[in-house]
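Trainee: Have a look at this one before I ask anything.
The values are calculated or read from the model by the stated rules, or taken from the named source; none is laboratory data. The shown structure was predicted, so the numbers you read here are calculated from the model rather than taken from an experiment. Every residue, glycine as well, gets a Cβ built from its backbone with ideal geometry; the counts of neighbours run over all protein chains shown.
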């Protein structure tokens, strides 16, 4: 079964998006990520994306790097939302139920990761006991506000097990 991985780049003060969902700060830190970040898209079989993230700011919009992983990801996407667009989008499916969205994402992922994008969706997966791993890249910036990587886990303490000792923070959720 495909593991659910929440991966994100966050500021040192814990924000994955700036005020108003601004993601442009990511473009001010090009090339600062190591081999794990550069190759992560090859390990992803499906994206599970929250509705707000799907409709949100892409710092690479209108460029060759538009889309997930700087435009390098080309697989399927499942969007968790109660308001799907009226017209179908190639390569994108919409679900309004978390469990169905996770199940469909796992089916589409094959044996590779389901990469969760969006803080609220990751937190919902964590609260439901569905999130398997967390991979955070820390940018050398303090945003001072915005969307936190984790605002409400649902538990007073979530135990994690460190997976990697490289430049990123990669943990397994301990159950």
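Trainee: I'm checking my understanding of the structure. Among residues of segment 153-171 that are under 16 Å from the mean Cα position of the chain (by Cα) and part of a loop (DSSP other than H, G, I, E, B), which one is surrounded by the most Cβ atoms within 10 Å (Cβ to Cβ)?
Mentor: In this case the residue turns out to be 168.
Trainee: Residue pairs, Cβ under 7 Å, 6 or more apart or interchain, first in segment 88-112 and on the phi < 0 side of the Ramachandran plot and surrounded by 15 or more Cβ atoms within 10 Å (Cβ to Cβ), second modelled with pLDDT under 95 and part of a loop (DSSP other than H, G, I, E, B). List them.
Mentor: 94/84; 98/128; 106/1; 106/2; 109/2; 112/2
Trainee: Of the residues in segment 16-28, how many are in contact with a helix residue (DSSP H, G or I) (Cβ under 9 Å, 6 or more places away or on another chain) and buried (at least 16 other Cβ atoms within 10 Å of the Cβ)?
Mentor: Summing the residues that are in contact with a helix residue (DSSP H, G or I) (Cβ under 9 Å, 6 or more places away or on another chain) and buried (at least 16 other Cβ atoms within 10 Å of the Cβ) in segment 16-28 gives 3.
Trainee: Let me ask something else. Can you name every residue in segment 104-120 that is assigned to a helix (DSSP H, G or I), farther than 10 Å from residue 79 by Cα and in contact with a strand residue (DSSP E or B) (Cβ under 7 Å, 6 or more places away or on another chain)?
Mentor: 104, 106, 108, 109, 119, 120 - these are the residues of segment 104-120 that are assigned to a helix (DSSP H, G or I), farther than 10 Å from residue 79 by Cα and in contact with a strand residue (DSSP E or B) (Cβ under 7 Å, 6 or more places away or on another chain).
Trainee: Please work out which residue is surrounded by the fewest Cβ atoms within 10 Å (Cβ to Cβ), limiting yourself to segment 140-152 and to residues that are touching a helix residue (DSSP H, G or I) at 6+ places or on another chain (Cβ under 7 Å) and in contact (Cβ under 8 Å) with a residue 60 or more places away in the chain.
Mentor: 145
Trainee: Which residue out of 135, 131, 126 is surrounded by 19 or more Cβ atoms within 10 Å (Cβ to Cβ), touching a residue at least 40 places away in the same chain (Cβ under 8 Å) and part of a strand (DSSP E or B)?
Mentor: 135
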